[in-house]
1. Quick check on the exposure proxy: order ARG73, ARG174 from fewest to most C-beta atoms within 10 angstrom.
2. Using 0.36 nm times the number of residues separating SER139 and ASP119, minus their current alpha carbon distance, what extension gain do you get?
3. Once the Cα atoms of helix 100-110 and of the chain are each reduced to a long axis, what angle between those two axes, in degrees from 0 to 90 to the nearest 10, is obtained?
4. Using a Gaussian network model on the chain with a 10 Å cutoff between Cα atoms, which of VAL93, VAL26, VAL74 fluctuates the most?
5. Treating the angle as unsigned and between 0 and 90°, give the value, to the nearest 10°, between the Cα long axis of helix 52-61 and the longest Cα principal axis of the chain.
6. Over all alpha-carbon pairs of the range 2-169, lay out the pair-distance distribution in 10 Å bins, whole %, shortest bin first.
7. Working from Cα positions, state the angle (0 to 90°, nearest 10) between the long axis of helix 74-85 and the longest principal axis of the chain.
8. Can you pull the one-decimal nm distance between simple spin-label points at GLU79 and LEU65, each 7 Å off the Cα toward Cβ?
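We did not get these values from a lab; they are worked out from the coordinates using the rules stated. Quantities reported herein were computed from a predicted structural model and do not represent experimental measurements. Neighbour counts are summed over all protein chains in view; Cβ atoms, including those assigned to glycine, are modelled from backbone coordinates with ideal geometry.
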Amino acid sequence: MSLVCLDLETTGFKPHSAGIVEIGAVLVRDGVIVGEGFSTLAWPGYEMVSGDGHWKALEKNQVPLDQLKDAPRVADAMEQLARWLDVGDGGRVAVTSFNVAFDRPFLEAAAPWACELLDWQECLMQRAQRHLGLARSPSLARACEMLGIARDGEHRALADAQAAARIWLALEGR
């Protein structure tokens, strides 16, 4: 079985008022993380990076604005991701993220055509909550800590996608 673990970094919390600034994805095939993964910055448009709240989100996500200005538009970044996934001829790919309820609406708003390629699987945050017997949903950092998963960084899309892939493997008993 193949599964893509995806993560987005954004300028805020709502797709109608914030934009995607970074996309990370990791492919898991037959219980093994394959390769280094996919990572790109994305330019969501000036209106999505201007304003106090958006600047704070960029600082939290450690996304440098000077690099962001030269990044591909979000739609182009999604096309790069689709090519990386090698999805063609109407094929679909199984995908999840740590927080599907957050990531999926951003993708649907930014690139609805790309969502047609994605077969969304269960949210890893909800699976971790059940698996760990928690009353509330854990953060990515807390889930990693409780599952004994080392993290290579935080609030960067590729590092968080890698952590999500390791969580998926741990929840699958691998």
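1. Ascending number of Cβ neighbours within 10 Å: ARG174, ARG73.
2. The span from SER139 to ASP119 would gain 4.8 nm if fully extended.
3. Taking Cα atoms only, the helix is inclined about 30 degrees.
4. VAL93
5. Tilt relative to the chain: about 40 degrees.
6. Histogramming the range 2-169 at 10 Å steps yields 11, 41, 36, 12, 0 percent.
7. Tilt relative to the chain: about 30 degrees.
8. 2.8
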